[in-house]
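Please read the structure below before turning to the comments.
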Amino acid sequence: MYEAGPHVSCYRAVSLPDGAFAGVRCVKFANLVHRPGQEGVAFVWYAEGTEPAGPFRQFGEAFVTSANRSAPTILTAHAAGLVGNGERAEPFVRLRFQLSSPPPQVPTQLTVTGDRHERWTLVPDGVLPDYQPLPRHIERGGPWLNEYSVRKDDGTPGVGVRCMLSSGSWLGAGRWLELTYLHLGTYIGDPRGRVQFSAADIAAGNGFCLYVPWGELTVRADAASGPSALKASGAWSESWQLRHSGQGWDPDPEVSHLRAFS
């Protein structure tokens with residue numbers, strides 16, 4: 001059984017060409033729901049599934065742009081497969097999302113086109129009884145993602161990894177107080193101005209599910225620790241040190257300016 005938890009929206013994905021089950025998609029909504037009409041991150045998602053070619057994991061982000069912020073029905077997006085934790089290799093993909101309902105509603109269905117063709121259907125209670133989640137052990141993101149190692153600054157035991165694409169939103173994984181966690185982090189607002197960060201755990205049946213409300217977490221550049229270091233403060237006290245930058249792709253020009261960190 002897969003249980004996403006109460007603070008992310010859970011979708012069941014099927015392939016558009018043949019209707020085959022394509023896995024689970026956990027979505028954390030940002031501007032699309034919480035700041036409708038504002039350019040920036042629409043939502044971020046974590047995807048996983050098991051197909052004949054093997055298990056896969058993916059992290060992605062979708063955007064509201066200046067061209068469609070008054071009526072965002074088609075969103076520009078991109079995603080990258082995680083590699084190095086027992087998954088098969090997945091490429092960087094460019095996507096479009098068609099919404100089933102206008103913001104600020106949480107869409108009951110999302111239609112994905114571009115490099116993948118899928119339909120995501122909202123699971124209201126966040127539980128997929130017929131899907132067994134992949135092992136929660138995630139230590140690396142792979143070559144497509146900006147990958148940060150995490151050090152706790154408040155003395156509590158914990159290790160982890162933060163994986164980013166272009167916006168500054170992230171997928172986080174690791175261990176804290178001997179418990180395994182997986183979470184999505186993003187922000188509301190225009191990244192060229194003031195933003196408010198939030199993070200939500202994906203429970204996946206492990207009984208550990210925390211949530212940081214908007215604005216109770218700050219992530220900023222930490223020049224004192226290095227040119228690519230980040231500092232998380234507020235609800236968390238962490239230092240993020242860049243392991244490697246994502247290689248081999250650039251965001252679409254229409255979303256390349258939508259980033260929280262230069």
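The values are calculated or read from the model by the stated rules, or taken from the named source; none is laboratory data. Keep in mind that this is a model prediction, so the values were computed, not measured. Here the Cβ is made from the backbone with ideal geometry for all residues, glycine too, and neighbour counts use every protein chain on show.
Would you confirm, using the coordinates I've provided, whether residue 188 is under 15 Å from residue 44 (Cα atoms), in contact with a strand residue (DSSP E or B) (Cβ under 9 Å, 6 or more places away or on another chain) and at pLDDT below 95? Give the steps one after another, and end with the answer.
Working: under 15 Å from residue 44 (Cα atoms): yes; in contact with a strand residue (DSSP E or B) (Cβ under 9 Å, 6 or more places away or on another chain): yes; at pLDDT below 95: no.
Here the answer is no, as residue 188 does not meet what is asked.
Given the options 96, 25, 69, 88, name the one that is buried (at least 23 other Cβ atoms within 10 Å of the Cβ) and either touching a residue at least 60 places away in the same chain (Cβ under 8 Å) or not aromatic (Phe, Trp, Tyr) (or both). Sole residue among the options that is buried (at least 23 other Cβ atoms within 10 Å of the Cβ) and either touching a residue at least 60 places away in the same chain (Cβ under 8 Å) or not aromatic (Phe, Trp, Tyr) (or both): 25.
Does residue 150 qualify as being hydrophobic (A, V, I, L, M, F, W, C), outside the structural domain of residue 59 (by TED's automatic domain parsing), farther than 29 Å from residue 37 by Cβ and part of a strand (DSSP E or B)? When the stated conditions are applied, residue 150 passes them. Only a single item in (1) in contact (Cβ under 8 Å) with a residue 40 or more places away in the chain; (2) closer than 24 Å to residue 240 by Cα; (3) in contact with a Gly (Cβ under 7 Å, 6 or more places away or on another chain) is not met by residue 133, and it is number (2). The requirement of being in contact with a Gly (Cβ under 7 Å, 6 or more places away or on another chain) and part of a loop (DSSP other than H, G, I, E, B) is not satisfied by residue 101.
Residues 27, 83: which one is assigned to a loop (DSSP other than H, G, I, E, B), at negative phi, modelled with pLDDT of 95 or more and within 17 Å of the chain's Cα centre (by Cα)? Give the steps one after another, and end with the answer.
Values: 27 fails: assigned to a loop (DSSP other than H, G, I, E, B).
None of the others qualify; the one that does is 83.
Given the structure, is residue 143 free of Cβ contacts under 8 Å to residues at least 24 places away in the same chain, within 26 Å of residue 256 (Cα to Cα) and under 18 Å from the mean Cα position of the chain (by Cα)? So that I can check it myself, show each step before the final result.
Numbers: free of Cβ contacts under 8 Å to residues at least 24 places away in the same chain: no; within 26 Å of residue 256 (Cα to Cα): yes; under 18 Å from the mean Cα position of the chain (by Cα): yes.
Judged against the criteria, residue 143 is not a match.
Of the residues making up region 104-140, those that are surrounded by 19 or more Cβ atoms within 10 Å (Cβ to Cβ), modelled with pLDDT under 95 and hydrophobic (A, V, I, L, M, F, W, C) are 128, 134, 138.
Taking the stated definitions as given, is residue 198 in contact with a Phe, Trp or Tyr (Cβ under 8 Å, 6 or more places away or on another chain) and in a loop (DSSP other than H, G, I, E, B)? Taking the combined requirement at face value, the residue does not satisfy it.
Being touching a helix residue (DSSP H, G or I) at 6+ places or on another chain (Cβ under 8 Å) and of a type in the set (S, T, N, Q) is the filter here; which residues of region 7-59 pass it? Listed by number, the list holds a single entry, 38. When 116, 192 are checked against the criterion of being under 26 Å from residue 242 (Cα atoms) and part of a loop (DSSP other than H, G, I, E, B), 192 stands alone in meeting it. The residues on offer are 110, 95, and the sole one that is under 16 Å from residue 14 (Cα atoms), in contact with an Asp or Glu (Cβ under 7 Å, 6 or more places away or on another chain) and not assigned by TED's automatic domain parsing to the domain that holds residue 172 is 95. When each of 204, 199 is tested for being in contact (Cβ under 8 Å) with a residue 12 or more places away in the chain, surrounded by 21 or more Cβ atoms within 10 Å (Cβ to Cβ), under 16 Å from the mean Cα position of the chain (by Cα) and at positive phi, the lone residue that passes is 204.
Out of 167, 262, 233, 239, which single residue is on the phi < 0 side of the Ramachandran plot, outside the structural domain of residue 29 (by TED's automatic domain parsing), surrounded by 22 or more Cβ atoms within 10 Å (Cβ to Cβ) and not basic (Lys, Arg)? So that I can check it myself, show each step before the final result.
Working: 262 fails: surrounded by 22 or more Cβ atoms within 10 Å (Cβ to Cβ); 233 fails: surrounded by 22 or more Cβ atoms within 10 Å (Cβ to Cβ); 239 fails: surrounded by 22 or more Cβ atoms within 10 Å (Cβ to Cβ).
Result of the check over 167, 262, 233, 239: 167.
Considering each residue of region 178-187, count those that are within 19 Å of residue 7 (Cβ to Cβ) and either in the same structural domain as residue 34 (by TED's automatic domain parsing) or surrounded by fewer than 21 Cβ atoms within 10 Å (Cβ to Cβ) (or both), and give that number. Outline the logic, then answer.
Here is the first cut: in region 178-187, the ones within 19 Å of residue 7 (Cβ to Cβ) are 179-187.
Okay, now just the ones that are also either in the same structural domain as residue 34 (by TED's automatic domain parsing) or surrounded by fewer than 21 Cβ atoms within 10 Å (Cβ to Cβ) (or both), so 179-180.
The total comes to 2.
Among the conditions (1) assigned to a loop (DSSP other than H, G, I, E, B); (2) touching a residue at least 24 places away in the same chain (Cβ under 8 Å), residue 184 misses just one, which is (1).
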